[in-house]
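The values are calculated or read from the model by the stated rules, or taken from the named source; none is laboratory data. Since this is a predicted model, take the numbers as computed values, not measurements. Reconstructed Cβ throughout: ideal geometry from the backbone, glycine too, with neighbour counts over all protein chains shown.
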Amino acid sequence: EDQVTQSPEALRLQEGESSSLNCSYTVSGLRGLFWYRQDPGKGPEFLFTLYSAGEEKEKERLKATLTKKESFLHITAPKPEDSATYLCAVPNQAGTALIFGKGTTLSVSS
Amino acid sequence: GAVVSQHPSRVICKSGTSVKIECRSLDFQATTMFWYRQFPKKSLMLMATSNEGSKATYEQGVEKDKFLINHASLTLSTLTVTSAHPEDSSFYICSAQGLAGGPGDTQYFGPGTRLTVL
């Protein structure tokens, strides 16, 4: 069964304290892995797409990496404005829909 | 680029009335649009997929007669919640996928519509 699991469910960091969020998936024939950021009461904001193992992408304090079984979202020296829920998603095997993880809610305090 | 808008952002209606939500891709053409529902502190639940000019495909358990979807152009899709009841209260979010429309293509999301049915 196609599945996406994100951990931890919640993460509290101090400003400047780097960490990583994990997204593991079980879908054969991966056709992309997507990271989104969602603020409360808003729609998800696209961050990255990764297509093949070994690929990395960066945007400001965020870096996403991909292996054959999982992806990591590394947050370097986070700031309070990085607080949000981070969602990971992959297309299902049929390619008809995105399967979302339940998300990691990140809280960064100053 | 890749901006998706939704209107209205918030709507309150009485039980039994119908509500229409618009989803527009502002700077790209979207062959495929998706409608999601999200409950508090839960992830997104796909309701239906619509392709321009054809009937929407609904996920299992979603009533197609209650949630009418129209994708009349490459930049506009609408979701009409018919005869809304309090249990339909939720956060509805649309997304749009570009012309290539393949499974590996990015979905860009709208800001969402908060529906409250009294």
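Being of a type in the set (D, E, K, R), facing another protein chain (nearest Cβ under 9 Å) and touching a strand residue (DSSP E or B) at 6+ places or on another chain (Cβ under 9 Å) is the filter here, so list the residues in region B:41-56 that pass it.
Listed by number, the list holds a single entry, B:LYS41.
Please determine whether any residue of region A:59-76 is at the interface with chain B (Cβ under 9 Å from one of its Cβ atoms), under 13 Å from the mean Cα position of the chain (by Cα) and not polar (S, T, N, Q). No - not one qualifying residue is present in region A:59-76.
For region A:18-51, a residue qualifies if it is more than 10 Å from every other protein chain (Cβ to nearest Cβ) and of a type in the set (Gly, Ala, Ser), and the qualifying residues are A:SER18, A:SER19, A:SER20, A:SER24, A:SER28. Restricting attention to region B:8-42 and to residues that are crowded, with 20+ Cβ neighbours inside 10 Å and among the polar types (S, T, N, Q), the residue that is modelled with the lowest pLDDT turns out to be B:THR32.
For the structure I just gave you, tell me whether A:GLY54 is at positive phi, over 11 Å from the mean Cα position of the chain (by Cα) and more than 8 Å from every other protein chain (Cβ to nearest Cβ).
Numbers: at positive phi: yes; over 11 Å from the mean Cα position of the chain (by Cα): yes; more than 8 Å from every other protein chain (Cβ to nearest Cβ): yes.
Against the criterion (at positive phi, over 11 Å from the mean Cα position of the chain (by Cα) and more than 8 Å from every other protein chain (Cβ to nearest Cβ)), A:GLY54 qualifies.
When A:LEU13 is tested against (1) closer than 15 Å to A:PHE100 by Cα; (2) touching a Pro at 6+ places or on another chain (Cβ under 6 Å); (3) among the aliphatic types (A, V, I, L, M), only condition (1) is not met. Of the strands (runs of 3 or more DSSP E) entirely within chain B, those holding at least 2 residues that are in contact (Cβ under 8 Å) with a residue 40 or more places away in the chain and over 14 Å from the mean Cα position of the chain (by Cα) occupy B:10-13, B:113-117. The requirement of being within 14 Å of chain A (Cβ to nearest Cβ) and either closer than 28 Å to A:THR5 by Cα or modelled with pLDDT of 95 or more (or both) is fulfilled nowhere in region B:63-76; no residue meets it.
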